[in-house]
Amino acid sequence: MVLPILSRHPQDSPFLRSADLAGRTVHISPDIPVMFDRPLAAHHKLVGSWVASKEQETVHRTRPEARRHIERVFQTEVLESLRSCTIADLRVVVLNGESCGAPAVAIVCDSVGQLDLGWIEDSKRPIPWRAAAYRVLERTLGSALPIFCYDDLFDNISMYYWDGETEDAAAREALVALHGADDSEIAAQTMPSEMNARRPEWMLAARAAPTSKLPTALRRALRELRDAHAALTNLPDEHHAWRLEMDVLYEYVPGIEECSPLPPLTLVPVEQFAVEVDDVGRHGMEYGFMDVTGLCPMTHSTAIDVWHASLAAGARLLRAAKHLIELYPPE
């Protein structure tokens, strides 16, 4: 069953900055309409057991009242954890999972396009500072957001145009062998070295300053982001809010395999790579991107506390990343 709250209608443009789309929502899939007094569905029962364990008094409620109370308590807890996480538009969805054996909680990212990089992309701060910040974002954000970086873009373009080749001579041979390209067509085609040369200096890891050469405020921001990343990635995989196994996702959301495997967000500056981002994103714009960033099956209500702790750890990482992007360290 494909739930309506997980629909992925393509956005009008892949170039929207995620900061313009920020906001958070929580949904429990509406399998049982409130107006019908039918038994609670599995996901309401699971979350309801967790809610009951938090409450000291026993209150008798009708089934519709119980559904609303369960959803309200869960929503309040989740939104509190995601408070001030404005780097991307996230949804938390509780799935019935009737056909899969257990309910599940999914985190979905509704933002599409380039992540707003703030001072890293647009300021006149020293290149080594900006490169150091960009490198840490590349290494950490993928643990909590569905996002692709330059290496991912290059690999996709390499397969798309050059049959996986990464050197100019081999790429030219691939164009001739696979597409029958003549000299004029090859001359008009971007080569790997040309694409790499378009990267701004702040994207190059080799230009990043060592930590000892960075201003104090920037060192602190980078340390907090690294620490948050370590705290998140060191958590056990079981009941982890930000882990995603594709075969499990296909079971819970049939049909999602028709979407593009490409994440909806990117750290690649579209000003320099608009054509390439358009090329790799075309499938996603037509059929939807792989926007689920975490899916956690829940076999018992006590797992919700474990899931919630990891949700908070991921939220810490996202807040640290946003702080870094908005820092504008003093020169």
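Per-structure values
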{"item": "Test: residue in segment 97-118 that is in contact (Cβ under 8 Å) with a residue 12 or more places away in the chain, of a type in the set (D, E), out of contact with any Asp or Glu (no Cβ under 6 Å at 6 or more places or on another chain) and more than 15 Å from L267 (Cα to Cα)", "result": "yes"}
{"item": "Residue under evaluation A315, criteria (1) farther than 30 Å from K54 by Cβ; (2) part of a helix (DSSP H, G or I), criterion not met", "result": "(1)"}
{"item": "Count of residues meeting criterion [without any contact (Cβ under 8 Å) to a residue 60 or more places away in the chain, within 25 Å of T86 (Cα to Cα) and among the aromatic types (F, W, Y)] in segment 124-183", "result": "0"}
{"item": "Filter pass, S84 being in contact with a Lys or Arg (Cβ under 8 Å, 6 or more places away or on another chain), within 30 Å of M195 (Cα to Cα) and at pLDDT below 95", "result": "no"}
{"item": "Of all residues making up segment 125-151, the number that are in contact with a Phe, Trp or Tyr (Cβ under 7 Å, 6 or more places away or on another chain) and either part of a helix (DSSP H, G or I) or not aliphatic (A, V, I, L, M) (or both)", "result": "6"}
{"item": "L79 in a helix (DSSP H, G or I), of a type outside the set (D, E) and in contact with a Pro (Cβ under 6 Å, 6 or more places away or on another chain)", "result": "no"}
{"item": "Filtered residue count, segment 242-271, keeping only those that are within 12 Å of the chain's Cα centre (by Cα) and of a type in the set (A, V, I, L, M)", "result": "4"}
{"item": "Residue that is nearest to L141 (Cα to Cα) [pool: residues in segment 177-197 that are at pLDDT 95 or above and exposed (fewer than 15 other Cβ atoms within 10 Å of the Cβ)]", "result": "N196"}
{"item": "Every pair of residues 6+ apart whose Cβ atoms lie under 9 Å, when the first sits in segment 238-263 and is without any contact (Cβ under 8 Å) to a residue 60 or more places away in the chain while the second is among the polar types (S, T, N, Q)", "result": "R243/S310; L244/T293"}
{"item": "Residue among D163, D122, D151 that is surrounded by fewer than 18 Cβ atoms within 10 Å (Cβ to Cβ), at pLDDT 95 or above and of a type outside the set (A, V, I, L, M, F, W, C)", "result": "D151"}
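Rundown of residues vs (1) under 30 Å from I157 (Cβ atoms); (2) surrounded by fewer than 16 Cβ atoms within 10 Å (Cβ to Cβ), yes/no style:
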position: N234; (1), (2): no, yes
position: A241; (1), (2): no, no
position: M246; (1), (2): yes, yes
position: E257; (1), (2): yes, yes
position: A274; (1), (2): yes, yes
position: G281; (1), (2): yes, no
position: T299; (1), (2): no, yes
position: A313; (1), (2): no, no
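The values are calculated or read from the model by the stated rules, or taken from the named source; none is laboratory data. This structure is a prediction, so every number in the text was calculated from the model and none was measured. Every residue, glycine among them, receives a Cβ derived from its backbone with ideal geometry; neighbour counts consider all protein chains shown.
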